Amino acid sequence: TASSMIDAQDELLKTKSQIEATTTSLNEFGKQEGFNLPTQYKEFGKSIDSVESQFRKARKRVEKVNEEGTKFFQEWEKEVALITNQDLKDRSEKRKNNLLGSFNKIGASMQPAEETYNTFMSDLRDIEKYLSIDLTPEGLVEISDTIKKANADGSKLQKQIDAVIEELSRVAAELSTE
């Protein structure tokens, strides 16, 4: 379980990097010398696809952590049932409940990130669609507010991912055998 938490953290860190690359790509439209708008548009589209793919990978890793955690706590229940010493049984149950509460915070911290991700991706896809029909300097001016919102959502999402990483780290440390 602790190793899958580390894997999830790694995927989440890659997601943060990809979000940064995508917002940078978005903000570079019309600003880089030697680049034309169609080339930048194509790179932006690839960047959006990369964020989507990377977030899916990170989500799957977090889901795997949740699945492994469920199995871990179910196994704990079975083992606790075999303990005959009531004091040890009570201590084990208390420890399990404390860890379970900590573990549940991982999923709870992922929920806001999922919501922000959906908004962020919706705006990026809408920007992409808009620019597919108005890929001009004036078109970029027209969507500047949406670009600002996408940037703000990207920053917010990165902070929410940090919160998930923090929960994963905390719980992994609590479960560490080292």
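The values are calculated or read from the model by the stated rules, or taken from the named source; none is laboratory data. Not measured: the values here are computed from a predicted model. Counting neighbours? That spans all protein chains shown, and the Cβs are built from the backbone with ideal geometry, glycine included. Surface areas here come from the heavy atoms of the whole protein model, side chains and all, with no ligands, DNA or RNA. Shrake-Rupley method; radii C 1.70, N 1.55, O 1.52, S 1.80 Å.
Has region 29-40 got any residue that is of a type in the set (D, E, K, R) and not in a helix (DSSP H, G or I)? Among the residues of region 29-40, at least one is of a type in the set (D, E, K, R) and not in a helix (DSSP H, G or I), which makes the answer yes. Note on region 127-141: residues that are in a helix (DSSP H, G or I) and either among the β-branched types (V, I, T) or in contact (Cβ under 8 Å) with a residue 12 or more places away in the chain (or both) amount to 9. Of everything in region 9-19, what is aliphatic (A, V, I, L, M) and under 9 Å from the mean Cα position of the chain (by Cα)? Give them in sequence order. The answer is L12, L13. Would a scan of region 85-108 turn up a residue that is not in a helix (DSSP H, G or I) and not small (G, A, S)? Yes, the conditions are met somewhere in region 85-108. Of all residues in region 42-51, those that are open to solvent by 10 Å² or more (accessible area, probe 1.4 Å) and either over 11 Å from S25 (Cβ atoms) or aliphatic (A, V, I, L, M) (or both) total 1. Reported count of residues in region 106-126, each being over 17 Å from Q9 (Cα atoms) and not hydroxyl-bearing (S, T, Y), is 8.
Every test in (1) out of contact with any helix residue (DSSP H, G or I) (no Cβ under 6 Å at 6 or more places or on another chain); (2) buried (at least 20 other Cβ atoms within 10 Å of the Cβ) is passed by I19 save one, and that test is (1). For region 52-72, what are the residues that are farther than 23 Å from N98 by Cα and open to solvent by less than 50 Å² (accessible area, probe 1.4 Å)? Matches in region 52-72: S53, Q54, F55, A58.
Somewhere in region 10-21, is a residue of a type outside the set (G, A, S) and under 19 Å from S144 (Cα atoms)? Scanning region 10-21 turns up at least one residue that is of a type outside the set (G, A, S) and under 19 Å from S144 (Cα atoms).
Table: residues versus (1) surrounded by 14 or more Cβ atoms within 10 Å (Cβ to Cβ); (2) under 26 Å from the mean Cα position of the chain (by Cα); (3) touching a residue at least 12 places away in the same chain (Cβ under 8 Å).
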{"site": "Q74", "(1), (2), (3)": "no, no, no"}
{"site": "E93", "(1), (2), (3)": "yes, no, yes"}
{"site": "F103", "(1), (2), (3)": "yes, yes, yes"}
{"site": "S109", "(1), (2), (3)": "yes, yes, yes"}
{"site": "A113", "(1), (2), (3)": "yes, yes, yes"}
{"site": "L175", "(1), (2), (3)": "yes, yes, yes"}
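Looking only at residues in region 121-143 that are under 20 Å from A21 (Cα atoms) and charged (D, E, K, R), the one that is most open to solvent (accessible area, probe 1.4 Å) is K129. Considering only residues that are modelled with pLDDT under 80 and loosely packed, with under 13 Cβ neighbours inside 10 Å, which ones fall in region 27-41? Answer for region 27-41, where residues must be modelled with pLDDT under 80 and loosely packed, with under 13 Cβ neighbours inside 10 Å: K31, Q32, E33, G34.
Remark: pairs (first residue in region 51-70, closer than 13 Å to A8 by Cβ; second residue among the β-branched types (V, I, T) and open to solvent by 40 Å² or more (accessible area, probe 1.4 Å); Cβ separation under 8 Å; 6+ apart in sequence or on different chains) = V65/T1; E68/T1; G69/T1.
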